[in-house]
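Below is one structure; the comments refer to it alone.
Just so it is clear, none of the values below were taken in a lab; they were calculated from the coordinates. Here the structure is a predicted model, which is why all the values come from computation and not from measurement. No Cβ is skipped: glycine too gets one built from the backbone with ideal geometry, and neighbour counts run over all protein chains shown.
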Amino acid sequence: MKRIADLDPDRMTPAQRSVYDTIASGPRKGVRGPLAVWLHRPELAQNAQALGRYCRYETSLEPRLSELAILVIARIWGSEYEWYAHKPIALEAGVSAEVAEAIRTHATPAFARADEAAIHAFLVELHRERNVSDATYAEAVEQLGEDGVIDLVGLAGYYTLISMTINVFRMSPPTGAANELGA
């Protein structure tokens, strides 16, 4: 059961309403998931949504790679809501169904693209070791460039925050949605 209620827009403080309006009128087209939790602390919501907007829509990583990274983070954290929200987007952006399924089942995907393999290896190692080896770093730079690696680390940090929020506040996908991660 969800641990914190969504705020009623008609009962928000001016600061909460300002952030709510900013989010709802932007590319997300609504306030849901972790953003709804963060609205309880409007300063956190404002700053986190700005970082999230960059990580989701403005990085040097093409959507296929950003969405792949989000799926890897969702799987690492067992974040059902994040998986539910981003799997369709990832598939539409060009992540193969076979890669998504392998990630879902904790298998190492048989990647057809070296950039996808580099992102997967980088994120799995980063979360397992809390760092990456020189070889993993070098492969990521070769595949993504330095800007891409910087953006990948930022995206990993942001979606880790998302996943922690989802897990701590027990946010579930909508009723009737499949529980794909078994978390």
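Overview of values
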| quantity | calculated |
| --- | --- |
| Per-residue [θ]222 nm for the chain (sum of -39500 (n - 2.57) over DSSP H runs n ≥ 4, rounded to 500) | -20500 deg cm²/dmol |
| 0 to 90° range, to nearest 10: angle between helix 42-53 axis and the chain longest Cα axis | 30 degrees |
| Global form of the stretch 33-183, assessed from the alpha-carbon gyration tensor, a/c cut-off 1.5 | oblate |
| Positive-pole candidate from Gly94, Tyr159, His120, dipole of the chain, charges at beta carbon | Tyr159 |
| Rg [Å, one decimal], Dmax [Å, integer] - the stretch 9-58, C-alpha atoms | 10.0, 32 |
| Degrees separating the helix 114-129 axis from the principal Cα axis of the chain, which is the longest one | 70 degrees |
| Förster radius 22 Å - calculated FRET efficiency between Arg3 and Arg128, Cβ distance, rounded to 0.05 | 0.20 |
| Stretchable slack from Ala177 to Ile89, in nm (0.36 nm times residue separation minus alpha-carbon distance) | 30.1 nm |
| Full-stretch length increase - Asp147, Arg41 - with 0.36 nm per residue and alpha-carbon distance subtracted | 35.0 nm |
| Estimated distance in nm for a label pair at His106 and Glu58, the labels positioned 7 Å out from Cα along Cα-to-Cβ | 3.8 nm |
| Part-to-part distance (alpha-carbon centres) for the stretch 8-49 and the stretch 59-119, which is given in Å | 27 Å |
